[in-house]
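As structure tokens, the structure follows; a few thoughts come after it.
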Amino acid sequence: MAKKKSKKKEPRPQKATKFIFISGGVISGIGKGITSASISAILKSKGFTVAPVKIDMYLNQDAGTIRPQEHGEVFVTDDGIETDQDLGHYERFTGENLSRANYITTGQIYAEVLRKERAFEYDGEDVEAIPHVTNEILRRITLAGRKADIAIVELGGTVGEYQNAIFFEASRILKLRHPGDVLHVHVAYLPIPSYLGEMKSKPVQQSVRMLNSMGIEPDIIVGRSEIPMDDKRKERVALFCNVDKKAVLSNPDVRSIYEVPVILNQQSAGEIILEKLGLEKRNKDMHEWKILLRQISNPKHEIKIAVVGKYFGTGNFELADSYVSVIEAIKHAGWACKANIKLSWVDSLKVEESGAKKVLSGYEGIIVPGGFGSRGTEGMIAAIRYARENNIPYLGLCYGMQMAAIEFARNVLKMRGANTTEIDLKAKFPIVHIMPDQEKKLLSRDYGASMRLGAWQCVLKKGSLAEKLYGTRRISERHRHRYEFNNKFRAVFEKAGLVFSGASPDGKLAEVLELPSHPFFMGSQFHPEFKSRPFAPHPLFKGFIGAILKLRKEKEKQMQTQEQKAAEAETIKVAAPAK
Ligand code: GLN
């Protein structure tokens, strides 16, 4: 007789990926990204492989076509997807290189569902939000997490928005299918109205109600607030939001975002998550984070650096968002050199109006980051000239490298009218011009994901500063550009002392330029900032900060000798007998 098939539900295989969804409530911009990155870091430090995923609710297929003021920085992965800045935080906190699998937008989901519909892959069914769109969302999330123990999925936007509801719905369905393998963490804000002076938990309760109305019960609540939540507040949130008190975690404002993993870990975030997911801790954890925090809080030097760019028009907050990887990379390098970096945001238009000397004196280093279009470029060029002529360390990132080449052409090689064809199509000296394949793309209005993107190899020149800093000749760095240095001018530049110290392996594309006669003058066609990590600061940024400190030391020494000489002269004068 054939054995009767057991009716018991198939258990999930032992190695099934676990999923943590992270949503936000009350207000946007409360640091869901940092919370997701921190939880990923904590779980990694406990011995688990993690796959952080960001879901953005807009219909764009990637962040590449969104204005920086609108979206903040466009972060680029090795495999060349133009993503949200949160992926940058995930990479920096976990030390992992992520890929296009880790970034999902509504646009991508719908594009795939519509493609399948046209290809008759739904076998004649009417295609609907549920289950077809939710299934596509779950397919993508599962794909992202397939090699990891735990996928940490950040749901973009705030709970209650019309636009992201379908993703919440997908998370609900996944939990229904695999209750033991799915957690929901809700990050919500507790205001302290100044007229009351008291932290209020009601908005969090209401935000959780909203989640409940979508059929979701949070397992953990992260309370974001100016100061730590007290016991009373934690109790209230636990009671009214139906969670254990120990699963209410406080995430107060901190000086450095790198404190967040340690703060959450101190409240047993990792243990609580693992317990709820039925997993056991594998490693002793967070040791390196504690060392990092010590490094951050004990600087020996303070350095003032100016970042000269545009996108500064509408206040400091947006600005910091547009260049978040640059900011982080500078900080990482600073900590490695025991320095606290004071960054100033200098609008290049201001440099145009008031002159470089007036705006930039007092800074020990100048950076011109990536950019597009003509606005503010004359100010960038003036800033670079000021840095070059006054021996102030300069680091140019992508557009900042192209602008450095133009500045050199105009002011050293006396090529009046030198420019990039991005700004002046008829430039007399087109020092920077469009890459041949890019021209075709622009003519056919093929704008989306069509730049030279992602990681490309670069070969460094023997004996160059770049080679010295990297400690190797073959590197791989991330790119995002359409224009390149025009090789027609290479020989004249070299004759005048500029060194092209990095090039694509076929030698055609200039990737790094440097000026050996200057204390530190370097530009890269790629974006080194995307690969800097707190535990592995980037060599170019470290070189830049190192050069500033070296110069400072030399100046101090010079001053000491001068003072000493003056004192000696004084003694001789006094000691000399009167005639
Ligand atoms: N606009 C320049 C180009 O496309 C530089 C781009 C950038 O700075 N990312 O080549």
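Of note:
- Cross-chain or 6+ apart pairs with Cβ under 8 Å, the range 94-105 first and in contact (Cβ under 8 Å) with a residue 24 or more places away in the chain, then open to solvent by 40 Å² or more (accessible area, probe 1.4 Å) and among the hydroxyl-bearing types (Ser, Thr, Tyr): THR105/TYR58
- Identity of the residue in the range 418-449, within 11 Å of the ligand (Cβ to nearest atom) and over 24 Å from VAL492 (Cβ atoms), that ends up surrounded by the most Cβ atoms within 10 Å (Cβ to Cβ): GLN438
- Filtered by the rule that a residue be within 22 Å of PRO369 (Cα to Cα) and touching a residue at least 60 places away in the same chain (Cβ under 8 Å), the range 413-434 gives THR420, THR421, GLU422.
- Between GLY362, GLY371, GLY396, GLY376, the distinction of being surrounded by fewer than 20 Cβ atoms within 10 Å (Cβ to Cβ) and in contact (Cβ under 8 Å) with a residue 40 or more places away in the chain belongs to GLY362 only.
- Count - residues of the range 452-505 that are at positive phi and in contact with a Gly (Cβ under 9 Å, 6 or more places away or on another chain): 1
- Scanning the range 72-105 for residues that are crowded, with 20+ Cβ neighbours inside 10 Å, in a helix (DSSP H, G or I) and out of contact with any Phe, Trp or Tyr (no Cβ under 6 Å at 6 or more places or on another chain) yields ASP86, HIS89, TYR90, GLU91, ARG92, PHE93, THR94, ASN102.
- Qualifying residue in the range 212-227 (condition: part of a helix (DSSP H, G or I) and either surrounded by 19 or more Cβ atoms within 10 Å (Cβ to Cβ) or of a type outside the set (Ser, Thr, Tyr) (or both)): yes
- Members of the range 136-148 found to be open to solvent by 20 Å² or more (accessible area, probe 1.4 Å) and touching a helix residue (DSSP H, G or I) at 6+ places or on another chain (Cβ under 8 Å), listed by number: ARG140, LEU143
- For the range 461-474, the condition of being within 13 Å of the ligand (Cβ to nearest atom), open to solvent by 40 Å² or more (accessible area, probe 1.4 Å) and not in a strand (DSSP E or B) holds for none of the residues.
- Residue that is farthest from the ligand (Cβ to nearest atom), among those in the range 450-460 that are open to solvent by less than 30 Å² (accessible area, probe 1.4 Å) and closer than 16 Å to SER524 by Cα: LEU460
- Against the conditions (1) surrounded by 24 or more Cβ atoms within 10 Å (Cβ to Cβ); (2) over 30 Å from PHE93 (Cα atoms), GLN560 satisfies every one except (1).
- Among residues of the range 533-547, those that are in contact with a strand residue (DSSP E or B) (Cβ under 6 Å, 6 or more places away or on another chain) and open to solvent by 10 Å² or more (accessible area, probe 1.4 Å), counted: 0
- Considering the conditions (1) open to solvent by less than 20 Å² (accessible area, probe 1.4 Å); (2) touching a helix residue (DSSP H, G or I) at 6+ places or on another chain (Cβ under 6 Å), GLN61 is excluded by exactly one of them, (1).
- Residues that are open to solvent by 20 Å² or more (accessible area, probe 1.4 Å) and either without any contact (Cβ under 8 Å) to a residue 24 or more places away in the chain or not in a loop (DSSP other than H, G, I, E, B) (or both), drawn from the range 475-488: SER476, ARG480, TYR483, GLU484, ASN487, LYS488
The values are calculated or read from the model by the stated rules, or taken from the named source; none is laboratory data. Being a predicted model, the structure only gives us computed values, none of them experimental. Neighbour counts run over all protein chains shown; Cβ positions are idealised from the backbone, glycine included. Each accessible area value is taken on the protein alone, full model and side chains, heavy atoms only, with ligands, DNA and RNA left out. Shrake-Rupley method; radii C 1.70, N 1.55, O 1.52, S 1.80 Å.
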